[in-house]
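> Sharing a structure, written as structure tokens. Questions coming.
Laboratory data are not the source of any read-out in this text; all were calculated from the coordinates shown. What you are looking at is a predicted structure, and each value in this text was computed from that prediction instead of being measured. All Cβ positions, glycine included, derive from the backbone under ideal geometry; neighbour counts span all protein chains shown.
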Amino acid sequence: GWCTWSWRCGTSTTTAAPGTRLPLEIALDPDVGSNSIQSFQLSRNSHFGIEAQPRADGGKSAELVLLHELDRETQAAYTLELVAQDGGSPARAGTATVSVRVLDANDNSPAFPQGSLTVELGEDAPRGSLLLDLDAADPDEGPNGEIVYGFGSQVPAEARQLFRLDPLSGRLTLEGPVDYERQRTYELDVQAQDRGASPLAATCKVIVTWARRPARPSGSARCA
Ligand SMILES: [Ca+2]
Ligand SMILES: [Ca+2]
Ligand SMILES: [Ca+2]
Ligand SMILES: [Ca+2]
């Protein structure tokens, strides 16, 4: 007689190259001889094909074949319908729901909204003044999308004492006493780096300048 069966199976993969094969572990109802399965058909979808592989017991097992590169940031899960048909006469068919979860790969760098920023400070700006609250974005998942801020290697020690950059919040504050008569402008390369196993980074140039105070009245006493 003709009957149908159904089962569920799942697989997961990172962002993988086309041609990658994902064997499906299919658990059949024990009442149905799995060794009789001869062909598979997969519901129409954008990324996967199906291929039957011969097995020692004379049946066939199924492998998903990736046709196009996956992108977790575009689509993180797929639900497909698989139809299996046996070699009997009349043929019996069964359906399976196949769930594919796309695991994250660290394929996005953090990004700053702007490539450079300028901050102007008054000469009387107190210690602890907030200059900027940087916010870089990284669409990856988990550590691949977690951002740590820091100064670039070119930033001189003097500037590192004058400014503090909080590694987690990206808040840039004024820390040191400023000798703005000596230097009125600082250029700081600020980095945002993710916590991926192979970290990716982006840089933003921050320019800090001190606004000039209005000229003092002439005639004020001046010590030699
Ligand atoms: Ca991606
Ligand atoms: Ca990332
Ligand atoms: Ca990703
Ligand atoms: Ca921030």
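> Please report, largest first and rounded to whole Å, the three semi-axes of the ellipsoid equivalent to the stretch 90-158, where each semi-axis is the square root of five times an eigenvalue of the C-alpha gyration tensor.
51, 13, 10
> Hey, what do the phi angles of the stretch 117-128 turn into as Karplus ³J(HN,Hα) couplings, whole Hz, using 6.51/-1.76/1.60 and θ = phi - 60°, x for Gly and Pro?
Working through the residues one at a time gives 9, 10, 10, 10, 10, x, 5, 9, 4, x, 4, x Hz.
> Which of the peptides 48-57, 81-90 is most tightly packed, and how do the rest follow, going by the mean number of other Cβ atoms within 10 Å of each residue?
Per-residue mean Cβ counts within 10 Å order the peptides as 81-90, 48-57.
> Order the peptides 94-103, 173-182 from the highest to the lowest mean number of other Cβ atoms within 10 Å of their residues. Kindly include the intermediate steps, with their values, before the conclusion.
Details: 94-103: 17.7, 173-182: 13.0.
Highest-to-lowest ranking by the protection proxy: 94-103, 173-182.
> Have a look at Gln183, Ala202, Leu130 and report the one farthest towards the positive end of the charge dipole of the stretch 93-224, computed about the Cα centre with Cβ charges (Lys/Arg +1, Asp/Glu -1).
Highest projection toward the positive end goes to Gln183.
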